[in-house]
Amino acid sequence: MMLNIVLFGPPGAGKGTQSEKIIDKYKLSHLSTGDLFRKHLSEGTELGKLAQKYMDEGNLVPDEVVIRMVEFKIMNEPESPGFIFDGFPRTVMQAKALDILLENMGQAISGMIILDVDEEELKKRILLRGQSSGRTDDQDVEKINNRIRVYREETLPVAEYYQAQNKFYKIKGVGSLDEIFKDICRVIDNLPVNMVE
Ligand code: ADP
């Protein structure tokens, strides 16, 4: 059985940073839809051009586009021991599509971990990241506010979707990176999928 983790939380919660640590320890494949879109953008692909205007405004890229890209990535890694989904799924429709995709492979989501960080802290972190990341969506307060609003309105319902499946785990996303990582590992090591093996 694969270990498939959804790392969830608002923009700036630390999903990317913690993903790196999780991948290192559990040898999972990283699937960050934000990273994939930025790669398409920098390579000037059709997909990148399509995504750009949504990303610039801090709005969500349409579900069909996201799902197609994710499917392509998963199909290209048939030997993967499992995935860490970072920044995806961001809508209930994406979550349902992911369930179907995994089900067709005889797999499932093992658990969803949400990093809990308050909004003031998020805004501070994103602006700080914007000073070095070069990401234009990290440098504009209006865009940042819009992303947090989109998260609250469109993405938070995804948490309820996993809660209904008993796959929901909340972690405090404020503190030292190592403390947060330790909490994440505790959740992963105690997932039902790890208990049956
Ligand atoms: P952050 O979590 O800091 O907002 P991401 O790199 O996850 O950064 O996402 C950057 C942008 O890429 C989002 O604001 C959105 O426009 C687009 N995006 C990324 N993932 C998705 C997704 N699963 N669905 C729709 N849009 C997405």
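Confirm whether Asp86 is more than 12 Å from the ligand (Cβ to nearest atom) and either touching a residue at least 40 places away in the same chain (Cβ under 8 Å) or of a type outside the set (Gly, Ala, Ser) (or both).
On the way: more than 12 Å from the ligand (Cβ to nearest atom): no; either touching a residue at least 40 places away in the same chain (Cβ under 8 Å) or of a type outside the set (Gly, Ala, Ser) (or both): yes.
For Asp86, the condition - more than 12 Å from the ligand (Cβ to nearest atom) and either touching a residue at least 40 places away in the same chain (Cβ under 8 Å) or of a type outside the set (Gly, Ala, Ser) (or both) - is not met.
Give the residues of the range 37-55 that are within 8 Å of the ligand (Cβ to nearest atom) and out of contact with any Leu (no Cβ under 9 Å at 6 or more places or on another chain), sorted by residue number. Reasoning before the result, please.
If we filter the range 37-55 for residues that are within 8 Å of the ligand (Cβ to nearest atom), which is where we start, we get 37-38, 51, 54-55.
The answer is Arg38, and nothing else.
Would the range 57-68 turn up any residue that is surrounded by 13 or more Cβ atoms within 10 Å (Cβ to Cβ), within 9 Å of the ligand (Cβ to nearest atom) and at pLDDT below 95?
Checked the range 57-68: at least one residue is surrounded by 13 or more Cβ atoms within 10 Å (Cβ to Cβ), within 9 Å of the ligand (Cβ to nearest atom) and at pLDDT below 95.
Here are the criteria: (1) without any contact (Cβ under 8 Å) to a residue 40 or more places away in the chain; (2) exposed (fewer than 12 other Cβ atoms within 10 Å of the Cβ); (3) under 17 Å from Gly14 (Cα atoms). Tell me which single one Lys172 does not satisfy.
(1)
More than 11 Å from the ligand (Cβ to nearest atom), within 20 Å of Ser19 (Cα to Cα) and crowded, with 18+ Cβ neighbours inside 10 Å: which single residue out of Ile74, Ile126 fits that description?
Numbers: Ile126 fails: more than 11 Å from the ligand (Cβ to nearest atom).
Result: Ile74 is the single residue among Ile74, Ile126 that is more than 11 Å from the ligand (Cβ to nearest atom), within 20 Å of Ser19 (Cα to Cα) and crowded, with 18+ Cβ neighbours inside 10 Å.
Conditions (1) in a helix (DSSP H, G or I); (2) of a type in the set (D, E, K, R); (3) over 10 Å from the mean Cα position of the chain (by Cα), marked per residue:
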site: Met2; (1), (2), (3): no, no, yes
site: Val6; (1), (2), (3): no, no, no
site: Pro10; (1), (2), (3): no, no, no
site: Gly16; (1), (2), (3): yes, no, no
site: Glu20; (1), (2), (3): yes, yes, yes
site: Lys25; (1), (2), (3): yes, yes, yes
site: Leu31; (1), (2), (3): no, no, no
site: Leu36; (1), (2), (3): yes, no, yes
site: His40; (1), (2), (3): yes, no, yes
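Among the candidates Gly134, Gly111, Gly106, single out the residue that is surrounded by 18 or more Cβ atoms within 10 Å (Cβ to Cβ) and small (Gly, Ala, Ser).
Working: Gly134 fails: surrounded by 18 or more Cβ atoms within 10 Å (Cβ to Cβ); Gly106 fails: surrounded by 18 or more Cβ atoms within 10 Å (Cβ to Cβ).
Selected residue: Gly111, the only one of Gly134, Gly111, Gly106 that is surrounded by 18 or more Cβ atoms within 10 Å (Cβ to Cβ) and small (Gly, Ala, Ser).
Residues in the range 30-49: is at least one among the hydrophobic types (A, V, I, L, M, F, W, C), buried (at least 21 other Cβ atoms within 10 Å of the Cβ) and touching a residue at least 60 places away in the same chain (Cβ under 8 Å)?
No.
Where the second residue is hydrophobic (A, V, I, L, M, F, W, C) and the first is on the phi > 0 side of the Ramachandran plot and lies in the range 8-19, which pairs have Cβ atoms under 6 Å and are six or more apart or on separate chains?
Hits for this filter: Gly9/Ile114; Gly9/Leu115; Gly12/Leu122; Gly12/Ile126; Gly14/Leu115.
Taking interchain pairs and intrachain pairs at least six residues apart, which have beta carbon atoms under 7 angstrom, with the first residue in the range 65-83 and under 18 Å from Met93 (Cα atoms) and the second surrounded by fewer than 18 Cβ atoms within 10 Å (Cβ to Cβ)?
Here the result reads Val65/Leu50; Glu71/Leu101; Ile74/Leu101, each pair linking the range 65-83 to a residue that is surrounded by fewer than 18 Cβ atoms within 10 Å (Cβ to Cβ).
Could you check, for the range 155-162, whether at least one of its residues is surrounded by 17 or more Cβ atoms within 10 Å (Cβ to Cβ), of a type in the set (Val, Ile, Thr) and within 15 Å of the chain's Cα centre (by Cα)? Don't jump to the end; show me each part of the working.
Quick first cut of the range 155-162, residues surrounded by 17 or more Cβ atoms within 10 Å (Cβ to Cβ) only: 155, 158-159, 161-162.
From the residues that got through so far, the ones that are of a type in the set (Val, Ile, Thr) too are 155, 158.
Adding the requirement that they be within 15 Å of the chain's Cα centre (by Cα) leaves 155, 158.
Yes: the range 155-162 contains one or more residues that are surrounded by 17 or more Cβ atoms within 10 Å (Cβ to Cβ), of a type in the set (Val, Ile, Thr) and within 15 Å of the chain's Cα centre (by Cα).
The values are calculated or read from the model by the stated rules, or taken from the named source; none is laboratory data. Keep in mind that this is a model prediction, so the values were computed, not measured. Glycine also receives a Cβ, built like all others from the backbone with ideal geometry; neighbour counts cover every protein chain displayed.
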